[in-house]
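Participant: Have a look at the structure that comes next, please.
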Amino acid sequence: MTEESPTSGTARWTRAEEVNRLLPGRPIAMKLQGKHIALFLHEGEVLACNNRCPHEGYPLVEGTLDTNCVLTCNWHNWKFDLKTGATLYGGDTLRIYPAKVEAGAVWLDTREPPAVERIEEALRQLARAMDEYDTPRIARELARLGKAGAPPALALKHAIRATHARLRDGMTHAYAAAEVWLRLASTLPDAAERLACTTEALAHIAYDTLREREYPFYAGTAAWDAGRFAAAVEAQDEDGGGTLNGALTQGLHFADLELPLAGAALAHYNDFGHSLIYLMHVRRLVGELGAEVERPLLLAWLRSLVYATREDLLPDFAGYAEALAAWPARAQAPGTPLSADALEGQPVRGTIDRTLAAAALEPFDTYCALMEAAARHLLRFDERHALRTDNSVADNVGWLDFSHALTFGHALREQCARHPRLWPQGLLQLALFVGRNSGYLDPDTAAPAALREWAVADEAAFHQSAIAAIIDHGTGLPIFPAHWLKTWSAVREEVAAGLPPGARAALLAAANRLLGVRFKQRHTLRTARQALEFVGKEG
Ligand code: FES
């Protein structure tokens, strides 16, 4: 039953119901213009809202309206101010419809608010959902955002700007993985899968910033000076005289700063080269989301860089600086081509020496050999190391130690394709990671057998099943699907980059194995044993 209100003004009123059918305490459920609506009479005032509770859709007409005009949904006790739609207890906002009584009838304005308002409201509500790490609500708000016509990139842009200062230790995998999740989403035909990807991205950011206060960044600025920036990073001075701030304030952009930033990442690298991995994702995010995220991302990235573990200062990696210093001279010598066979199973000293011996050769060829060796090591990783509970802290080794060699290598190739002068640092660091992992291989598993076991025969089918497994991962902590996603994505990009057949097969097989294993996500018993032993030696 629709007709125009005799006195309609700017709103388009639709006749909804005879007013005398609406009684106090006897709300009416109805469908009007495709909407499920609940009509209430409260102290002589007609009020209308969506009959589907914004939580899980149960009918609000079955709820309880109190004398303060608070409507309670009896399924999970969410409470709404029926006059405004504000949620007093619960999450999502209730949609209310303007109502009036005229000519013996109830008239409703059921028009959608303008898209720009719906987008703003969805972004506001999404921020609240993220503050509470409420994944179902994050998904709903993202769905509302999409329904209002906004791309998921807008949500990510807002999320980065809202959360970057709450990352106490700087950038995490959440931003890095968000870049990959959104890129994957853009390739998927299924709306639910696309929303799952976006939800993962935002939920991971929410997880990493949950209940964190803001840790303000240094606000001072100084004229950009690449040398001063590098020195500040070396000094682990996050503020660094404000030189990065100064660069952005004086109008420089990521592209102008990329080489010194990458140089700093490789000079001051952390746990398995995260600094360079993150920088690649920062670059891609800036490219995708625009200059508005440059400052938030770069400040968060810089913070993570200066707090990074200095693995190059650890005794195990002592040969790195020496090899890097020797590189220019060795680059003049004929050189010994490097192969994965020569690297497989080698400790750090061996991988460094062999990489240095190839200094005069084409870096990409050395890179391919290192990546193939890294992949073979993942294929031969003795899973018992990841599962055991009786090891020392020094032997807390897991799948991600192996997957990071691949994701670092991926970031390295991309970076060095843009700035070839960075190859020596990068190749030697990759050699470190390959060598370090060699201590945890299964002595009973040879590479050819592992390659056969995990070989990918049909690459297209593998990628399809990998995507399905990553999206529907079923694990609790977002860091694990983030790593499966990033490793698979890195491998897919690397095999498309012209690797020789051996490296290509090894990388695909490694990704296949990584996605096929059962991850132990927590190590409480191991941690307890290590704590007892450690505390027992105190004092
Ligand atoms: S469906 Fe209404 S509170 Fe859950």
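Participant: Output the number of residues of the range 500-536 satisfying the condition of being modelled with pLDDT of 95 or more and of a type in the set (Lys, Arg).
Facilitator: Within the range 500-536, residues that are modelled with pLDDT of 95 or more and of a type in the set (Lys, Arg) number 4.
Participant: Across the range 288-321, what is the total count of residues that are out of contact with any helix residue (DSSP H, G or I) (no Cβ under 8 Å at 6 or more places or on another chain), assigned to a helix (DSSP H, G or I) and without any contact (Cβ under 8 Å) to a residue 60 or more places away in the chain? Let's see the steps before the verdict.
Facilitator: Taking the range 288-321 as the starting set, the residues that turn out to be out of contact with any helix residue (DSSP H, G or I) (no Cβ under 8 Å at 6 or more places or on another chain) are 291, 303, 307, 310, 313-315, 318.
Next, only the ones that are assigned to a helix (DSSP H, G or I) stay: 291, 303, 313, 315.
From what's left, without any contact (Cβ under 8 Å) to a residue 60 or more places away in the chain: 291, 313, 315.
Adding up the residues that qualify gives 3.
Participant: Conditions: (1) under 18 Å from ILE467 (Cα atoms); (2) surrounded by 21 or more Cβ atoms within 10 Å (Cβ to Cβ). LEU167 meets all but one. Number of the miss?
Facilitator: (1)
Participant: Quick test for you: out of GLY287, GLY350, GLY335, GLY345, pick the one residue that is modelled with pLDDT under 95 and not assigned by TED's automatic domain parsing to the domain that holds ALA162.
Facilitator: Result: GLY335 is the single residue among GLY287, GLY350, GLY335, GLY345 that is modelled with pLDDT under 95 and not assigned by TED's automatic domain parsing to the domain that holds ALA162.
Participant: Could you list, in sequence order, the residues of the range 223-240 that are touching a Ser or Thr at 6+ places or on another chain (Cβ under 8 Å), assigned to a loop (DSSP other than H, G, I, E, B) and crowded, with 18+ Cβ neighbours inside 10 Å?
Facilitator: Of the range 223-240, the ones touching a Ser or Thr at 6+ places or on another chain (Cβ under 8 Å) are 223-225, 228-229, 232.
Now narrow it down to the ones that are assigned to a loop (DSSP other than H, G, I, E, B): 223-225.
Passing the criteria: only TRP224.
Participant: Give me a count of the residues in the range 388-400 that are surrounded by 15 or more Cβ atoms within 10 Å (Cβ to Cβ) and not charged (D, E, K, R).
Facilitator: Applying the first criterion (surrounded by 15 or more Cβ atoms within 10 Å (Cβ to Cβ)) to the range 388-400 yields 388, 391, 396-400.
Now restrict to residues that are not charged (D, E, K, R): 391, 396-400.
Residues that pass the stated criteria total 6.
Participant: Inside the range 362-477, counting only helices (runs of 4 or more DSSP H) that do not spill past its ends, which hold 3 or more residues that are of a type in the set (D, E, K, R), over 27 Å from the mean Cα position of the chain (by Cα) and over 30 Å from GLN332 (Cα atoms)?
Facilitator: Filter on the range 362-477 gives an empty set.
Every residue, every condition in (1) at positive phi; (2) in a helix (DSSP H, G or I); (3) among the hydrophobic types (A, V, I, L, M, F, W, C), yes or no:
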position: CYS49; (1), (2), (3): no, no, yes
position: GLY57; (1), (2), (3): yes, no, no
position: VAL61; (1), (2), (3): no, yes, yes
position: HIS76; (1), (2), (3): no, no, no
position: THR84; (1), (2), (3): no, no, no
position: LEU88; (1), (2), (3): no, no, yes
position: THR93; (1), (2), (3): no, no, no
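Participant: Please give the number of the condition GLY44 fails out of (1) surrounded by fewer than 17 Cβ atoms within 10 Å (Cβ to Cβ); (2) in contact with a strand residue (DSSP E or B) (Cβ under 9 Å, 6 or more places away or on another chain).
Facilitator: (2)
Participant: Also: Looking only at residues that are in a helix (DSSP H, G or I) and over 27 Å from the mean Cα position of the chain (by Cα) in the range 241-269, which one is farthest from GLU311 (Cα to Cα)? Write out each step before concluding.
Facilitator: Restricting attention to the range 241-269, the residues satisfying the condition of being in a helix (DSSP H, G or I) are 241-249, 254-267.
Next, only the ones that are over 27 Å from the mean Cα position of the chain (by Cα) stay: 241-243, 246, 249.
Working: GLY241: 25, GLY242: 26, THR243: 25, GLY246: 29, THR249: 33 Å.
Going through the qualifying residues, I end up with THR249.
Participant: A follow-up question, please. Determine whether the range 97-110 contains at least one residue that is part of a helix (DSSP H, G or I) and either of a type in the set (D, E, K, R) or within 16 Å of the ligand (Cβ to nearest atom) (or both). Even if it seems obvious, please write down each step before you answer.
Facilitator: Residues of the range 97-110 part of a helix (DSSP H, G or I): none.
There is no residue in the range 97-110 that is part of a helix (DSSP H, G or I) and either of a type in the set (D, E, K, R) or within 16 Å of the ligand (Cβ to nearest atom) (or both).
Participant: Here are ALA16, ALA38, ALA48: which of them is within 26 Å of ARG144 (Cβ to Cβ), modelled with pLDDT of 95 or more, among the aliphatic types (A, V, I, L, M) and within 16 Å of the ligand (Cβ to nearest atom)? Show your work before the answer.
Facilitator: Numbers: ALA16 fails: within 16 Å of the ligand (Cβ to nearest atom); ALA48 fails: within 16 Å of the ligand (Cβ to nearest atom).
Exactly one residue qualifies, and that residue is ALA38.
Participant: Moving on to the next point. Residue check: is ARG504 over 22 Å from the mean Cα position of the chain (by Cα), crowded, with 22+ Cβ neighbours inside 10 Å and among the basic types (Lys, Arg)?
Facilitator: Details: over 22 Å from the mean Cα position of the chain (by Cα): yes; crowded, with 22+ Cβ neighbours inside 10 Å: yes; among the basic types (Lys, Arg): yes.
Yes; evaluated as a whole, the condition is true for this residue.
Participant: Take the residues in the range 51-75 that are charged (D, E, K, R) and over 18 Å from LEU108 (Cα atoms); name whichever of them is nearest to the ligand (Cβ to nearest atom). Lay out the reasoning, then the answer.
Facilitator: At the first step, the residues of the range 51-75 found to be charged (D, E, K, R) are 52, 56, 62, 66.
Narrowing further to those that are over 18 Å from LEU108 (Cα atoms): 56, 62, 66.
Working: GLU56: 4, GLU62: 10, ASP66: 16 Å.
Per the criteria, the residue is GLU56.
The values are calculated or read from the model by the stated rules, or taken from the named source; none is laboratory data. None of the values given here were measured: they were computed from a predicted structure. Heads up, the Cβs are rebuilt from the backbone with ideal geometry, glycines too, and the neighbour counts pull from every protein chain shown.
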